[in-house]
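Below: one structure, written as structure tokens.
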Amino acid sequence: MKSKLFLLLSIVGIILLPSCEETVTFDDLHKTENEAAFAAIAGNSEYTKIESQSKAGFIMYKELVDGDGARPLFSDQVNVQYTGWYKIDWTKTDTYTDEEGKLIKNKKIFDTTATADNVNITRTLKVATSINPYDGGIIDGFSTALQHMEVGDKWEVWIPWQLGYGSSASGTIPAYTTLVFEIELVSIVE
């Protein structure tokens, strides 16, 4: 873990060093930290790469549970259980759950199907990508994962900012944020 942190800090330092004369904004630093963290996962042999159908990039995933059901099509609706989070500061490694289970020190859970008493509800989503998640669609990276999952699969999915909310903030999620989801594909809606 310390070697990964050293690598991340080294990459951030190398990228920022030539620009010492320029003003570095929060977005610049946040983008650099998130890209370095995603690059570290992309280099980890425990994770597998999947190119997005949009050709805008790729996601990385690690299989937690192996399903054996059907694979959804782009036009399908699915029932899923998930938790989505992002790290507040990639240079810090400490993580602790608070009393409500929503905020973890250095991690921000921004969406989950788990209730306050740790009961997972199932949510129905369109597999199709959408810029606006409130119209029933989902971000490109989440859609990419679902199109490669089988019913019963549970994955940890890392989504770079280009396949997430991009260069714009969304709710509590800052611009240029690498997102992490734990997704379980429960069923395909018939």
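Observations on the model:
- Label point distance in nm, Q53-E150, each placed 7 Å from Cα along Cα→Cβ: 2.0 nm
- Amide H partners (placed H, <5 Å) of N120, local residues excluded: T115
- Full-extension gain in nm, A39 to A116, via 0.36 nm per residue minus C-alpha separation: 24.4 nm
- On the beta carbon distance between A70 and E22, with R0 = 35 Å, the FRET formula returns roughly 0.10.
- Across region 35-45, coupling constants 3J(HN,Hα) worked out from phi with the 6.51/-1.76/1.60 Karplus curve, θ = phi - 60°, read 5, 5, 5, 5, 4, 5, 5, 4, x, 8, 5 Hz, and Gly and Pro carry x.
- Label sites at R123 and E63, each approximated as a point 7 angstrom past Cα along Cα to Cβ, lie 2.5 nm apart.
- Cross-linked pairs K31/K108; K55/K126; K31/K87; K49/K108; K126/K154; K62/K107: Cα-Cα separations exceed 22 Å for K49/K108.
Taken together, the values in this text are just the output of simple stated rules run on the coordinates, not laboratory data. Since the model is a prediction, treat every value here as computed from it, not as a measurement. In this analysis, Cβ positions are derived from the backbone assuming ideal geometry, glycine residues included, and neighbour counts consider all displayed protein chains.
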